[in-house]
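Q: Take this structure first; my questions come after.
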Amino acid sequence: MVTRRWAYLLALALLGALALAGCAEDAGEATDDDATEEDAAVDETEDDVGDAEQPFAGETLTVLNWNDYGSDQDYAIEGFEERTGATVRHVYHSSGEELREILRTGGIGEIDVTNPNFSFLQQMVDEGMLQPLDESQLDNLDDVYDDFLASEDLYADGELYGAPWVWGSTGLTYNTEHFDEEPTSWEVLWDPEWEGQVGFMDSPIEAIMLAALYLGDDPHDPDLDAVREALVEMRPNVELYWGSSDDWTRAFTTEAISVGNFWAGDAGSMMAEGEPVGYTIPEEGAVGWIDAWTVVADAPNPELAHAWIDWMISEDFLVEWGEDPAGNAPAPANERAQEQLSDEARERIQAFPEQVEDLAIMGALTQEEQQAYTDLLAEVKAGVQ
Amino acid sequence: MLPSGLLLVALVVAPLGLLVYFGLLSGPGVDGRVTGEEWGRIAGQPELYGRLLLRSLGLGLAATALTIVVAWPTAWALSRHVRRVRALYLALVIIPHLTSSLLLIYAMYVLIAPGGPLMAALVGVGLAGAGDSLLFTRWAVLLMLAYLFLPFMVIALYAAVERIDDTVLDAARSLGAGSWQRFRHVVLPLTAPGMLAGLVIVFTPAAGAFVEAQILGGTDGMMFGTLISEQVSRVNNQPRAAAMSVILLVSILMLLGGLRWGLRRAFPGALRARR
Amino acid sequence: MATTTEAPTAHPGADTALDAADAPRRSVRRRGRPGWLAWLWLVLGIVYTPVAVVIVLSFNASRYGTLPFQPTTQWYAALASNDALIAATGRSIVLSTTVALAAALLGTALALWIVRVAQRGATVFTVLLTTAITVPWLILAVAMLLVANAVGLGRGLGLLFLGSLAVALPYVVLVVVARLQGLGTELEDAARSLGARPITAFRLVTLPLIAKAVLGGTLLAFVITFNNFPIHFFLAPFGYNTLPMEIYTFVLSGYDPDINALATVLIGVAVTVGLVLLAVARRRGGDRTAAAGIEEVWG
């Protein structure tokens, strides 16, 4: 398997070399040796790979992303490699802060593209980790929702730094066997009836924005003392502060928890697998997030990086990912992709753009806010009154 | 010998020195000035930091005690009552760790979840009521830590038990010592160095652990190690993480020093090399 | 060594010394008391219960580890086509083996130095070693990377090896020191007075006596390196993903049971290798020296 893939890549690389040699008149003698290998290679590859479509043959693109998050699907990588002739390799992180830590500790100059949450973008620009996007190289940007592109979190000094890719919400998720009717308010998380049955997300920004929504406060600038009080008050109801999709899913399927806040796409996947899951955006609204592709400062291959981003936000890729039942795709930020999804896929990945207006999208946080939020949630979790 | 000493200095002592230094900087990152402000912040929140430090140390001690109780007879049985293939048994004890410990944590999850096999068995023998579950309690965390570090303790104790010379036991027997006396005054003191080594390699990581507690501990799952890791992974506040690491380090070293002193008192002469 | 009288020994002097030390023990060891063996099997039973769960889940259709049990081999098929996971496993095994062997060598040397030479400085070193074990790996990894960046080394295989070694080394040292303490130098002195060179005396007298502690330490070093996510994460060159890196980064989607399948395969291979070695060692008619050698290690 591995060897065959390498042979394939080698063949592609050689084809690229041939294309270059063909263009350059004086390269004749250098490619003499390769000729026989190329003949063999051409037999192995299909002939739909045209010379002109291989502008990046031999280059390697380094992608920094979550593991199993779309960009490392076989069809994502192969589709891109066929189009460009380049090779893709992945570096994984397991939190938004880790993403930045990797860039700080040697990632700049090695990594081409990465995929941070909107809320991290401004800090990354401030730290000099990103370079502005060249919109002329991103044809598919036209298909991205105008509302998303209008967010000021994407811009610094008038230049665009991120291309919106996917979005989602963290809504009220509940066990349909334990609820007679759909709950309509976050109040249920504070209701003593559900003591010891709530799964609450262990994320400072999500926790604090949700509490602010519940209190009717501004989720982007809440009164932290009131938020703290509300979260302390909720604590007896909480059975688990969950940190990963696995944490939630296991606790839910063993009925250790009945209700809580959970990611839309993951709730949709559970529904598709027949679990008794209900998902709703309550009347107070819910926290939403958008992930955007960015080009890292000093990227080794900036043009290839733009080609990658254009592929990632294309309807071709986003539809294929959304339709893949094992793909764990969130909702696409590409309007045309959303329109093309089947009803089944739309339900599974919760691609309902009309929800967006009920969402409080996570925005940029300053370092001080981040510290205060983290310390606040730590106190709540530790049981400090 | 010298190269390994140098290696230790280069790779452990140098980062440790850095750790102390980082702890004095102003965050975030590690390019701030020396202010010591994070120490002030920690001191200003004794309820949070003190509570979690005590929880972590207590849990670490309990897990260590549990592993000693299980590992001691295991090491004895391995060294005295198994023919020829002792090392194979030793390997068998440690082979599960060839998987990721994360998988073992989730396996324990399945076992102790409501309705899981272990809970069903406990209900069956009347030790638990229907619907009870160890999951999301501190007992689950204790169980997991003791499970994960058991092989470490077995290996440490095995090395010590193995070296007890039977002539010594025979001598004690011929002098009229009963089996309890032989155990208390001969065998146990002779394994003291092994126990000490075991204490170090089990207690230290157990007191700093947080992944196990995060997954199995529910709302009791917040540990001192969780706080340290959050300061790095959520806010890049390496100075505070470093300061907290120094606190944890010093607490652990002091506790180990106390335990060592206790072992020395209990078994006079046991921890000095026979020359 | 200790239990094989048949093992041909190169040096008659050392042989006598060893036999003298070991002879009285053998008689007791031969008696395996049922109660103790039952305890041993009980402990092994407990140790392998979670492993059994992993194996069962690897054959269960549910992604979330839920019952009822629905048999399937789909996760093994998924594993077979998961190039990334297989490559990561290979890297982890190579790294852990190299580090464990190096840690065994250096750790034994350092332990000997602490017990035999340093004496006075032993306490300082023990505190240092304890400290090295105490620092959370996450912190140690970040600090190491910062040091490496400061001296212009940066992430790389060399740094990954050194960092893993620094974490594993103290464990080997502690275990071997515990064994060496109380092991006098009389036997080795005797061998030397009979004309053995120091290195020969060490190899034939002391090494066999501490062999099992060294082996234990090596196993510890192996599993610690195998599972050391933070060190791998911060020190490995970009794109060099080890097995823990593959597993711990599945935060968003959760891991698939093909990782359970992988764990089952790894445990199966390890247990099989152990049993084969055992069978070879028990076969009496074969190559004498080889059998004795294996028994020396596994006995």
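Just so it is clear, none of the values below were taken in a lab; they were calculated from the coordinates. All values derive from a computational prediction rather than experimental measurement. So basically every Cβ, Gly included, is an ideal-geometry build from the backbone, and we count neighbours across all protein chains shown.
Q: Give me the inter-chain shielding for A:266-272: mean count of other chain Cβ atoms within 10 Å, whole number please.
A: Mean inter-chain Cβ contacts per residue within 10 Å come to 1.
Q: Based on the Cβ-Cβ distance from A:Thr60 to B:Ala177, what FRET efficiency comes out when R0 is 41 Å, to the nearest 0.05? Can you show the working numbers first?
A: On the way: r = 72 Å, r/R0 = 1.75.
That gives a FRET efficiency of 0.05.
Q: Multiply the residue separation of C:Phe202 and C:Val124 by 0.36 nm, subtract the distance between their alpha-carbon atoms, and state the gained length in nm to one decimal.
A: Working: separation 78, 0.36 × 78 = 28.08 nm, distance 2.56 nm.
My answer for the length gained is 25.5 nm.
Q: Another question, if that's okay. Given charges of +1 on the Cβ of Lys and Arg and -1 on the Cβ of Asp and Glu, with all other atoms neutral, how large is the dipole of the range B:182-274 about its Cα centre, in debye to the nearest 20?
A: On the way: 9 positive and 3 negative charges, 148 e Å.
Charge dipole of the range B:182-274: 720 debye, to the nearest 20.
Q: Shifting gears a bit: Say each of A:Glu229 and C:Asn149 gets a label point 7 Å from the Cα, pointing the same way as Cα to Cβ; how far apart are those two points in nm?
A: Label at A:Glu229, label at C:Asn149, 4.3 nm between them.
Q: Between A:Gln137 and A:Ala272, what is the spin-label point distance in nm, taking each point 7 Å from the Cα along the Cα→C-beta axis?
A: Taking the two extended label points, one gets 3.2 nm.
Q: Which residues does the label zone of B:Asp132 cover in the range A:163-195, counting backbone N under 14 Å from a point 7 Å along Cα→Cβ?
A: None, by backbone N distance to the label point.
Q: Now a separate question. I'd like the mean, over residues of B:221-232, of how many other protein chain beta carbons sit within 10 Å of each residue's own Cβ. List each step's numbers first, then the result.
A: Numbers: counts 5, 9, 1, 2, 2, 5, 5, 3, 5, 9, 5, 10.
Counting other chains' Cβ atoms within 10 Å and averaging over B:221-232 gives 5.
Q: Here's another thing I want to ask about it. At 222 nm, what value in deg cm²/dmol follows for the protein assembly as shown if DSSP H runs of at least 4 each add -39500 (n - 2.57) and the sum is divided by all its residues, to the nearest 500?
A: On the way: 43 runs with 553 residues, N = 959.
So the helix-based figure for the protein assembly as shown works out to -18000 deg cm²/dmol.
Q: Using 7 Å Cα-to-Cβ label points, what is the A:Glu152/A:Gln367 separation (nm, one decimal)?
A: 2.2
Q: Around A:Glu273, with a cut-off of 12 angstrom between Cβ atoms, what is the net charge of the other residues, counting Lys and Arg +1 and Asp and Glu -1?
A: On the way: positive: A:Arg348, C:Arg63; negative: A:Asp266, A:Glu275.
It works out to a net charge of 0.
Q: How large is the charge dipole for the protein assembly as shown, taken about the Cα centre, if only the Cβ atoms of Lys, Arg (+1) and Asp, Glu (-1) carry charge, to the nearest 20 debye? Write out the running numbers ahead of the final one.
A: Working: 54 positive and 114 negative charges, 2441 e Å.
For this selection, approximately 11720 debye.
Q: Would you tally the net charge around A:Asp147, using a Cβ to Cβ cut-off of less than 11 Å, leaving A:Asp147 out, and scoring K and R as +1, D and E as -1? Provide the component values of the computation, followed by the final result.
A: Working: positive: none; negative: A:Asp146, A:Glu335, A:Glu357.
Counting the neighbours of A:Asp147, the net charge comes to -3.
Q: State the antiparallel share, in %, of DSSP beta bridges confined to the protein assembly as shown, rounding to the nearest 5. Spell out each step's value before the answer.
A: Numbers: 28 of 46 bridges.
Roughly 60 percent of the DSSP beta bridges within the protein assembly as shown come out antiparallel.
Q: Provide the percentage of antiparallel DSSP beta bridges, counting only those with both residues in chain A; round to the nearest 5. Write out the running numbers ahead of the final one.
A: Numbers: 26 of 44 bridges.
Roughly 60 percent of the DSSP beta bridges within chain A come out antiparallel.
Q: Say R0 is 51 Å: what FRET efficiency, to the nearest 0.05, do A:Ser342 and C:Trp41 get from their beta-carbon distance? It would help to have the intermediate numbers written out before the result.
A: Values: r = 55 Å, r/R0 = 1.08.
Using R0 = 51 Å, I get an efficiency of 0.40.
Q: Highest mean first, how do C:106-116, A:288-298 rank when packing is the count of other Cβ atoms within 10 Å averaged over residues? Don't skip to the answer; put the middle values down first.
A: Values: C:106-116: 22.4, A:288-298: 23.9.
Per-residue mean Cβ counts within 10 Å order the peptides as A:288-298, C:106-116.
Q: Another question, then. Give me the inter-chain shielding for C:211-224: mean count of other chain Cβ atoms within 10 Å, whole number please.
A: Working: counts 1, 10, 9, 1, 5, 14, 3, 0, 9, 7, 0, 3, 9, 4.
Per residue, the number of nearby Cβ atoms from other chains is 5 on average.
Q: Suppose every K and R has +1 on its Cβ and every D and E has -1 on its Cβ; what is the size of the dipole of the range B:101-232 about the Cα centre, in Debye to the nearest 20?
A: Values: 5 positive and 8 negative charges, 54 e Å.
So the magnitude is around 260 debye.
Q: What order do you get for A:347-357, C:141-151, A:91-101, C:69-79 when each peptide is scored by the mean count of other beta carbon atoms within 10 Å, highest first? Numbers along the way, then the final one.
A: On the way: A:347-357: 18.0, C:141-151: 19.9, A:91-101: 21.5, C:69-79: 14.6.
Sorting A:347-357, C:141-151, A:91-101, C:69-79 by mean packing, highest first, produces A:91-101, C:141-151, A:347-357, C:69-79.
Q: I need the calculated FRET efficiency for the pair A:Glu127 and A:Asp358, taking r as the beta carbon distance and R₀ as 25 Å, to the nearest 0.05.
A: Working: r = 33 Å, r/R0 = 1.30.
It comes to 0.15.
Q: How much net charge surrounds B:Tyr49 when only other residues with a Cβ under 14 Å from its Cβ are counted (Lys, Arg +1; Asp, Glu -1)? Numbers along the way, then the final one.
A: Working: positive: A:Lys381, B:Arg41, B:Arg51, B:Arg55, B:Arg240; negative: A:Asp375, A:Glu379, B:Glu38, B:Glu47, B:Glu230.
Charge balance in the 14 Å sphere: 0.
Q: Another question, then. Compare the peptides A:322-328, B:195-201, A:197-203 by average per-residue count of other Cβ atoms within 10 angstrom and give them in order, highest first. Numbers along the way, then the final one.
A: On the way: A:322-328: 19.1, B:195-201: 26.7, A:197-203: 23.4.
In descending order of packing, they fall as B:195-201, A:197-203, A:322-328.
Q: How much length is gained on full extension from A:Glu78 to A:Ala326, taking 0.36 nm per residue of separation minus their Cα-Cα distance?
A: Working: separation 248, 0.36 × 248 = 89.28 nm, distance 1.74 nm.
Full extension from A:Glu78 to A:Ala326 adds 87.5 nm.
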